[in-house]
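First comes the structure, then the notes that go with it.
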Amino acid sequence: MKIKVISLNMWWGGNLFPAILDFLRTESPDIVMLQEVYNGTKPEFEDRYRSMQVLNDSLGYAYSDFVQAFIHDSPVGMVPQGNAVLSRFPISARAYSFITEPIKESYKDLPEEWPIEPRVLQHVELDSPAGEINVFNMHGIWDLAGDNYSPERQRMGETILEETRGKRNVILGGDSNATTGNQLMRELEKPFRNAFGQELKTTFNMRRKKNPGYATSVVDVIYVSPSLKVLSAGCPDVDISDHLPLVVNLELA
């Protein structure tokens with residue numbers, strides 16, 4: 001069975017939301033892994049603060065799951081933000097783990113708060129015609145030094161490896177916020193295969209970034225179990241977010 005998977009950091013709920021929707025409609029993936037998703041429900045909110053609702057209404061996926069990382073004290077009020085998975089396959093189980101310590105109060109987007117912004121690892125088990133698929137959707141610890149294997153990133157890796165251990169047909173993806181040369185990535189590549197190998201130069205949309213260092217920074221990843229064959233892996237240079245999407249076609253025996 002062949003499966004098409006897309007991972008994308010939506011950029012604060014979808015600053016370029018119409019382009020995101022057009023891209024996903026055109027690509028028509030079986031599984032979508034999204035980060036920086038808002039789950040606001042007030043009708044007066046613009047689309048990006050209701051991104052989970054808009055995605056469900058606009059794309060028509062039969063199954064979806066949202067995991068809250070924090071409540072954002074945003075310009076429009078308190079809005080849940082986190083990770084989301086859209087799927088054409090039934091979701092048979094859901095779980096999540098915090099990569100960082102959760103916060104009890106709302107989060108404000110201030111530079112001094114970025115290193116402690118709560119991050120979450122989302123897990124959904126899918127019931128596909130070819131068997132169980134375990135999707136792990138991560139948003140990693142932020143650090144401008146993407147190759148820094150800090151104690152926080154070490155704990156992040158330990159959490160991911162613990163949660164994925166023993167799971168069949170794993171797809172692990174998302175915005176790691178660590179470069180592929182980081183020791184964290186080397187640890188993840190012991191049980192899993194990087195669908196892109198060393199082919200990518202950057203996973204950032206340089207139309208939206210000012211710091212030239214982003215042009216050689218690969219932080220978005222898709223790893224898979226050995227049981228999943230990578231048929232193709234692409235990173236389209238499309239203007240839909242400040243990150244570029246990852247598109248992977250897999251085969252599950």
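None of the figures in this text is laboratory data; all of them are computed from the coordinates on show. Small disclaimer: the values here were computed from a predicted structure and weren't measured. Heads up, the Cβs are rebuilt from the backbone with ideal geometry, glycines too, and the neighbour counts pull from every protein chain shown.
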Just the residues that are in contact (Cβ under 8 Å) with a residue 40 or more places away in the chain and in contact with a helix residue (DSSP H, G or I) (Cβ under 8 Å, 6 or more places away or on another chain), please, taken from the stretch 13-24.
Gly13, Gly14, Asn15
What about Leu126, is it more than 14 Å from the chain's Cα centre (by Cα), in a strand (DSSP E or B) and surrounded by 15 or more Cβ atoms within 10 Å (Cβ to Cβ)?
yes
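Which residues, counting only those in the stretch 70-108, are touching a strand residue (DSSP E or B) at 6+ places or on another chain (Cβ under 7 Å), in a loop (DSSP other than H, G, I, E, B) and either closer than 23 Å to Arg153 by Cβ or of a type in the set (Ser, Thr, Tyr) (or both)?
Filtering the stretch 70-108 down to residues touching a strand residue (DSSP E or B) at 6+ places or on another chain (Cβ under 7 Å) leaves 70-73, 78-87, 89-99, 103, 106-108.
Okay, now just the ones that are also in a loop (DSSP other than H, G, I, E, B), so 89-90, 99, 103, 106, 108.
Answer for the stretch 70-108, where residues must be touching a strand residue (DSSP E or B) at 6+ places or on another chain (Cβ under 7 Å), in a loop (DSSP other than H, G, I, E, B) and either closer than 23 Å to Arg153 by Cβ or of a type in the set (Ser, Thr, Tyr) (or both): Ile99, Ile103, Ser106.
So which residues in the stretch 1-19 are surrounded by 15 or more Cβ atoms within 10 Å (Cβ to Cβ) and in contact with a strand residue (DSSP E or B) (Cβ under 7 Å, 6 or more places away or on another chain)? Break it down stepwise before answering.
Of the residues in the stretch 1-19, the ones surrounded by 15 or more Cβ atoms within 10 Å (Cβ to Cβ) are 3-17.
Within the stretch 1-19, Ile3, Lys4, Val5, Ile6, Ser7, Leu8, Asn9, Met10, Trp11, Trp12, Gly13 meet the criteria.
Being over 23 Å from Phe70 (Cβ atoms) and in contact (Cβ under 8 Å) with a residue 24 or more places away in the chain is true for just one of Glu27, Glu36. Which residue is that?
Answer to the check: Glu27.
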Would you pick out the residues in the stretch 213-231 that are surrounded by fewer than 13 Cβ atoms within 10 Å (Cβ to Cβ) and among the β-branched types (Val, Ile, Thr)?
Thr216
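Restricting attention to the stretch 108-125, which residues are among the basic types (Lys, Arg) and farther than 17 Å from Asn137 by Cα? Please lay out each step first, then the result.
First pass over the stretch 108-125, keeping only residues among the basic types (Lys, Arg): 108, 119.
Hit for the stretch 108-125 is Lys108, nothing else.
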The number of residues in the stretch 32-52 that are farther than 20 Å from Leu172 by Cα and either buried (at least 18 other Cβ atoms within 10 Å of the Cβ) or among the small types (Gly, Ala, Ser) (or both) is 10
Pairs where the first residue, in the stretch 195-212, is surrounded by 19 or more Cβ atoms within 10 Å (Cβ to Cβ) and the second is among the charged types (D, E, K, R), C-beta under 6 Å, 6+ apart
Thr203/Asp220; Asn205/Asp242
Mind checking which residues of the stretch 146-180 are surrounded by 14 or more Cβ atoms within 10 Å (Cβ to Cβ), farther than 21 Å from Glu101 by Cβ and small (Gly, Ala, Ser)?
Gly146, Gly173
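Residue-wise test of (1) surrounded by 13 or more Cβ atoms within 10 Å (Cβ to Cβ); (2) aromatic (Phe, Trp, Tyr); (3) free of Cβ contacts under 8 Å to residues at least 12 places away in the same chain; (4) under 23 Å from Trp142 (Cβ atoms).
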site: Ala84; (1), (2), (3), (4): yes, no, no, yes
site: Pro90; (1), (2), (3), (4): no, no, no, no
site: Arg94; (1), (2), (3), (4): yes, no, no, no
site: Ile99; (1), (2), (3), (4): yes, no, no, yes
site: Ser106; (1), (2), (3), (4): yes, no, no, yes
